[in-house]
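Participant: The structure follows.
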Amino acid sequence: MGKLAKPCARKRQPWPMRLWPLAALCAPLLVGIDATAQDDADAAETAAARTLAVEGIKLADTGRCEEAIDKLAKAERLHHAPVVLGRLGECQISQGRLVEGTENLRKVLREPLAPDAPPVVVRARERASVVLERSKVRIAGLNITVKGPRASSEVAVTVDGQPMNVALLDAERPMDPGEHVVEASAPGFTSASARVSVAPGERQSIVLTLEPDAKARAVTGSATAPEATPAASDAGLFTRVSPLAEPGAAAQPSSPPPPGRNLTNAYIAWGAGGAAVLAGSVFGLLAFQSKSDLDKQCPENLCPDSSADQLSSARRDSTVATVLMAVGGAGLALGTVFYFTAGPREEAATSAAAHRTEDGLRARAWIGLGGVGIDGNF
């Protein structure tokens, strides 16, 4: 018996595998471009911060702290520097903003000082310490209490128009010296406000009482009040007993719920198609395994007689796999068609018909003077 020849196909790599080396070469270049752009942005912000800081310090040295605060604050936001933050705190204190200014000075002092820190940073820390000790004793304190609502979480408090954390209620709140307006409000209560003036280092307490809002209670009561019964005027003559339907309800029949769709055929077709695709995949794997074994036994696509049965089995598995995959694909496609063309379920249609029949029955029992009865639409 002659040797069986089996054609061989030339293997080619798929497109993603062929493009992978090019992507690998381009990736470092893209990363380098992003890193360079980030460095340029940081350098530009640092340069802008330096310019703003120099201008702000010059204004502060000439006593123009009101103008210097804006430039120093922008410089600090762009690039932190202890020298800039310290001068910003000094200017804020000079403008009466003691709480904010002293906190910035504390930030300067909390930063660890490196052993090789430049002299300008050392002098900035020493200057911040001196100004802080002189200014912190001037900070005033205000204890705010709100009475009325049962829970403080229902209260909203503002100081000079700025929201205050209600956790500070009944506790001393650091304040800048001067005049302040405190306002409090809560749902269902009238708002209250107070104007208070505190001197440097002074401690004061204020109490705001919120009274229940009568207008809010009236609106709430009217919204929850029960509706009047239309037949209240003739309650002494006729009494309605167990109404099956309100008069006039026949003019507005309730519509039945939309019937459900019958998707049984779609599910069956999808299940059969999926099973066929799964079985085809198994036979395909068997055929692939047999081909791999034959590649080792058939050099130069020439197989010995002993491999004839294995070659026949591989061809059979390949054919079965092809047929099953085709059947599975057809089943999945047919299931999709059934899904989009499915009609209503039989029980849903029957329920809708029964609902329409029930809509035609309307009855009302009544008891009156000298008799009883029932009327309605049948």
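A short reminder: the numbers here are calculations on the coordinates, not readings from a lab. Note that the structure is a prediction, hence the values are computed from the model and not measured. So basically every Cβ, Gly included, is an ideal-geometry build from the backbone, and we count neighbours across all protein chains shown.
Participant: So for the stretch 264-342, considering every pair of alpha-carbon atoms, how many percent are separated by more than 21 Å?
Facilitator: 44
Participant: Take the Cβ-Cβ distance between E179 and A47 as r, set R0 to 45 Å, and report the resulting FRET efficiency rounded to the nearest 0.05.
Facilitator: According to the calculation, E is roughly 0.60.
Participant: For K71, K215, K147, K107, what's the fewest-to-most ordering of other Cβ within 10 Å of each Cβ?
Facilitator: In order of increasing Cβ crowding within 10 Å: K215, K147, K107, K71.
Participant: Let me ask you something else. How far apart, in nm, are two points set 7 Å out from the Cα along the Cα-to-Cβ line at Y339 and at V137?
Facilitator: Between Y339 and V137, the simple spin-label model gives 8.1 nm.
Participant: What number do you get for the stretch 112-160 when its Cα radius of gyration is normalised by 2.2 N^0.38 Å, N = residues?
Facilitator: After normalising by residue count via 2.2 N^0.38 Å, the value is 2.15.
Participant: Compute and list, largest first, the equivalent-ellipsoid semi-axes of the stretch 139-215 from the alpha carbon gyration tensor, each √(5λ) rounded to a whole angstrom.
Facilitator: 23, 12, 10
Participant: I'd like the FRET efficiency for T145 and T190, computed as 1/(1 + (r/R0)^6) with the beta carbon distance as r and R0 of 25 Å, rounded to 0.05.
Facilitator: 0.90
Participant: Note down the nm distance, to one decimal, between modelled labels 7 Å out along Cα→Cβ at Y267 and at E172.
Facilitator: Between Y267 and E172, the simple spin-label model gives 7.3 nm.
Participant: A follow-up question, please. Once the piece of chain linking E202 and E100 is laid out straight, how much longer is it, given 0.36 nm per residue of separation minus the C-alpha distance between them?
Facilitator: 35.0 nm
Participant: Assuming 0.36 nm per residue, please report the length gained on full extension of the stretch T319 to R64 beyond their Cα-Cα distance.
Facilitator: Contour length minus Cα-Cα distance gives 82.6 nm.
Participant: Kindly put E133, E67 in sequence by how many other C-beta atoms sit within 10 Å of each C-beta, fewest to most.
Facilitator: The most exposed by this proxy come first: E133, E67.
Participant: Could you line up D42, D317 from fewest to most neighbouring Cβ atoms inside 10 Å?
Facilitator: Ordered from fewest to most neighbouring Cβ atoms within 10 Å, D42, D317 come out as D42, D317.
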